[in-house]
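Everything below concerns the one structure shown next.
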Amino acid sequence: MASIFTRIVNGEIPCYRIAEDDRYLAFLDINPLRAGHTLVITKREVDYIFDLDDDTLAGLAVFAKKVASGIEKVIDCKRISVAVVGLDVPHVHIHLVPMDTMDDLNFSRPKLKLSPEEFRDIAGRISSNVIL
């Protein structure tokens, strides 16, 4: 059975797209820790990040760096944190989370509730600042 992320890649489930190329996709997390919280995934479904071949892993990092740069231009924060948890969805993904304090990366705290309009606005502003 395809992961929820594969279903997003295939267009079966909508998302708030930030950027994509032939191998990677970035979209807003619908349960964000902070506004601008973005997921960066491989389009090819692989469960564990360290099962990726070296070229794909390196490409994922470079793609995520470009997306993080776009987030920094739109969201006021000290830096963009990078988290790889990998237990919630069996599909490689990196969390890019704007942060000012360590608590901003606490996955146990309550998630933000944003309207579809807020998600669209954030996604549009970040997307327009990502240079692939």
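The values are calculated or read from the model by the stated rules, or taken from the named source; none is laboratory data. From a predicted model like this one, the values you see are computed outputs, not experimental measurements. Methodologically, a virtual Cβ is constructed for each residue, glycine included, from the backbone with ideal geometry; neighbour enumeration extends over all protein chains shown. Keep in mind that these areas ignore ligands, DNA and RNA; they rest on the heavy atoms of the full protein, side chains included. Shrake-Rupley method; radii C 1.70, N 1.55, O 1.52, S 1.80 Å.
Annotations for the structure displayed:
- Test: residue in segment 81-99 that is free of Cβ contacts under 8 Å to residues at least 12 places away in the same chain and either within 12 Å of the chain's Cα centre (by Cα) or within 20 Å of Ser3 (Cβ to Cβ) (or both): yes
- Test: residue in segment 91-109 that is closer than 19 Å to Ile131 by Cβ and not β-branched (Val, Ile, Thr): yes
- Residues that are closer than 25 Å to Lys113 by Cβ and acidic (Asp, Glu) within segment 1-31 comprise Glu12, Asp29, listed in sequence order.
- Odd one out for Lys66 among (1) in contact with a helix residue (DSSP H, G or I) (Cβ under 7 Å, 6 or more places away or on another chain); (2) assigned to a helix (DSSP H, G or I); (3) open to solvent by 60 Å² or more (accessible area, probe 1.4 Å): (1)
- Hits in segment 110-132 - residues which are open to solvent by less than 50 Å² (accessible area, probe 1.4 Å) and closer than 15 Å to Pro32 by Cβ: Leu114, Ser115, Phe119, Ile122, Ala123, Ile126
- Single residue of segment 7-57 satisfying the filter (among the polar types (S, T, N, Q) and under 16 Å from Ala123 (Cα atoms)) that is most open to solvent (accessible area, probe 1.4 Å): Asn31
- Annotation: Gly11 fulfils all but one of (1) in contact with an Asp or Glu (Cβ under 7 Å, 6 or more places away or on another chain); (2) on the phi > 0 side of the Ramachandran plot; the unmet one is (1).
- Among residues of segment 1-21 that are in contact (Cβ under 8 Å) with a residue 12 or more places away in the chain and closer than 22 Å to Val130 by Cα, those with a beta-carbon under 6 Å from a residue that is open to solvent by 40 Å² or more (accessible area, probe 1.4 Å) and of a type in the set (Gly, Ala, Ser) at least six positions away or on a different chain give the pairs Ile18/Ser127.
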